[in-house]
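A quick write-up on the structure given underneath.
The values are calculated or read from the model by the stated rules, or taken from the named source; none is laboratory data. These numbers were taken from a predicted model, which means no experiment stands behind them. Positions of Cβ are backbone-derived with ideal geometry, glycine not excepted, and every protein chain shown enters the neighbour counts. Each accessible area value is taken on the protein alone, full model and side chains, heavy atoms only, with ligands, DNA and RNA left out. Shrake-Rupley method; radii C 1.70, N 1.55, O 1.52, S 1.80 Å.
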Amino acid sequence: MNNAVAGFSKLSKEEKINWIAQEYFSNPTEAITTIKQYWNNDAQLQQLHDEFIENTITNFYLPMGIAPNFLINGKYYSVPMVIEESSVVAAAAKSAKFWSTRGGFKATVLNTEKIGQVHFLFPGETAKLKAFFNAVKPTLIDSTESITKNMQKRGGGILGLELRDKTSELDNYYQLHATFETKDSMGANFINSCLEQLAKTLKEAAQNHADFNEAEKNITVVMSILSNYVPNCIVRAEVSCPVEELAEKKIENPQEFAEKFVQAVRIAEIEPFRAVTHNKGIMNGVDAVVLATGNDFRAVEAGVHAYASRNGQYSSLSHAQIENGIFTFWMEIPLALGTVGGLTSLHPLVKMALEILGKPSAQELMQVVAVTGLAQNFAALRSLTTTGIQEGHMKMHLNNILNQYQATAEERKVIAKHFEKNTVTHASVVEMIEHLRK
Ligand code: MEV
């Protein structure tokens, strides 16, 4: 079948849905019913969501849960999390509760610098370009004034502007490397607008620069864009307590537990295969809060993983040690987040999530997000180094399997009782459902 279509974006929403239903489903009526089942009854609210992106046909639900009892820098937070994976919220809540009676989490924002670059080609002598840049730098910055005015009032703006020579790696390639402070906004639009203005001014100034020959006057701006790599926008999250205080029901020998835990972190520090999964567990927490608060999880993911490879080998984001009988577990991660702008005032649930967090500043949100990531990592490592991950996971997964098979209340009761004492596997649950239905 040829599923190509011309002018799809020009079709009405109904027409788009009809086209999809006819083209891809043997039962188009059923497909249309499913698509429309997820529309909101409130037409205005639906329109708001339709307009977030293009070619919208429906809404895609993800659950939003709450992990309560996060004690961070002496203040309690209930953390909203949006995620599809079972047991992530439960694990975060469990870690939060555990550490709330052991001093809570400490979090510190170490710096908040964002980065953007104008990538351009200059077919001339580097020394001439350097002299030109030094002369024109104030003009470049002044030309962004109408864009930076409001940000400056909030204490932000352009922090620095450098010319970087990259010609040893790529012929004629230079950058304007700019650093920014964007306060409570993530700053993507602000940074990109500044960069495009810098690029325009750079090009114009070069055209009028008397010392340049004709070729040099023609700077080629390849692109102007922020970098999602923000190694100077770092937050640190930490927990620590005397080793003996780690004791609880499932941790009978806290010294042995702490040593094994530190060992597990060391493995993730030196072994990339493990580091990726270890960090994935951290991102279970990070992404869920980033999504709930309407932030750009792709930007965060890209930046965090680049940071995890900053020393040339992909490595653990978190670290752990036992020193003088004190267990400490911490991580530092880059997080470019906003609590104003973007979806934050548009999406009703994002607004609610931010309200649940007490309308935090971007820096406070960085702390909450990093702590949730660390809590998630703690929960995963605790399970992995004690009972194994499947015990908790499969208990949660049991529910998904029961839903998939549309188990009745009676079936659920019998099955839940059986698996209190038996290991949950997909096959064993299905077998039991089939047995009950015989
Ligand atoms: C699963 O989503 C995350 C874990 O694999 C993380 C880890 O292994 O540390 C449990």
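Given LEU357, LEU335, LEU436, which one is farther than 30 Å from CYS233 by Cβ and among the aliphatic types (A, V, I, L, M)?
Matching residue, one of LEU357, LEU335, LEU436: LEU436.
How many residues are of a type in the set (Val, Ile, Thr) and in a loop (DSSP other than H, G, I, E, B) if we restrict to region 176-210?
Number satisfying all stated conditions: 1.
List the number of the failed condition for GLU271; all other conditions in (1) away from the ligand (no atom under 16 Å from the Cβ); (2) open to solvent by 60 Å² or more (accessible area, probe 1.4 Å); (3) among the acidic types (Asp, Glu) hold.
So GLU271 meets the others, but not (1).
Determine, yes or no, whether THR293 is in contact with a Pro (Cβ under 7 Å, 6 or more places away or on another chain), among the hydroxyl-bearing types (Ser, Thr, Tyr), more than 13 Å from ALA370 (Cα to Cα) and surrounded by 18 or more Cβ atoms within 10 Å (Cβ to Cβ).
no
If MET366 satisfies all but one of (1) more than 16 Å from the ligand (Cβ to nearest atom); (2) touching an Asp or Glu at 6+ places or on another chain (Cβ under 8 Å); (3) in contact (Cβ under 8 Å) with a residue 40 or more places away in the chain, what's the number of the condition it fails?
The one condition MET366 does not meet is (2).
Looking at (1) within 20 Å of LEU62 (Cα to Cα); (2) within 16 Å of the ligand (Cβ to nearest atom); (3) not β-branched (Val, Ile, Thr), which is the one condition that is false for GLY388?
(1)
From GLU162, GLU181, GLU145, which residue is at negative phi and open to solvent by 90 Å² or more (accessible area, probe 1.4 Å)?
Sole residue among the options that is at negative phi and open to solvent by 90 Å² or more (accessible area, probe 1.4 Å): GLU145.
Does at least one position in region 337-346 carry a residue that is away from the ligand (no atom under 16 Å from the Cβ) and in contact with a Pro (Cβ under 9 Å, 6 or more places away or on another chain)?
yes
Is there a residue in region 400-423 that is touching a residue at least 60 places away in the same chain (Cβ under 8 Å) and either within 16 Å of the ligand (Cβ to nearest atom) or on the phi < 0 side of the Ramachandran plot (or both)?
yes
Which condition from (1) more than 16 Å from VAL79 (Cα to Cα); (2) within 16 Å of the ligand (Cβ to nearest atom) is the one that GLY373 breaks?
Of everything listed in (1) more than 16 Å from VAL79 (Cα to Cα); (2) within 16 Å of the ligand (Cβ to nearest atom), GLY373 misses just condition (1).
For region 91-105, give me each residue that is under 20 Å from ALA288 (Cα atoms) and open to solvent by 50 Å² or more (accessible area, probe 1.4 Å).
If the condition is that a residue be under 20 Å from ALA288 (Cα atoms) and open to solvent by 50 Å² or more (accessible area, probe 1.4 Å), then LYS94, LYS97 are the ones that fit.
Quick check on region 300-314: of everything there that is open to solvent by less than 10 Å² (accessible area, probe 1.4 Å) and more than 15 Å from the ligand (Cβ to nearest atom), which residue is nearest to the chain's Cα centre (by Cα)?
Selected residue: VAL300.
Any residue at all in region 281-295 that's more than 14 Å from the ligand (Cβ to nearest atom) and either in contact with a Lys or Arg (Cβ under 8 Å, 6 or more places away or on another chain) or among the hydroxyl-bearing types (Ser, Thr, Tyr) (or both)?
Yes, because at least one residue in region 281-295 is more than 14 Å from the ligand (Cβ to nearest atom) and either in contact with a Lys or Arg (Cβ under 8 Å, 6 or more places away or on another chain) or among the hydroxyl-bearing types (Ser, Thr, Tyr) (or both).
Of all residues being under 27 Å from GLY303 (Cα atoms) and open to solvent by 40 Å² or more (accessible area, probe 1.4 Å) in region 114-142, which is nearest to the chain's Cα centre (by Cα)? Just the residue, please.
Step by step, filter region 114-142, then rank; the result is ILE141.
Can you pull out the residues in region 80-107 that are farther than 14 Å from SER240 by Cα and among the small types (Gly, Ala, Ser)?
Correct list: SER86, SER87, ALA90, ALA91, ALA92, ALA93.
Going residue by residue through region 359-381, is there one that turns out to be in contact with a Ser or Thr (Cβ under 7 Å, 6 or more places away or on another chain) and open to solvent by 20 Å² or more (accessible area, probe 1.4 Å)?
yes
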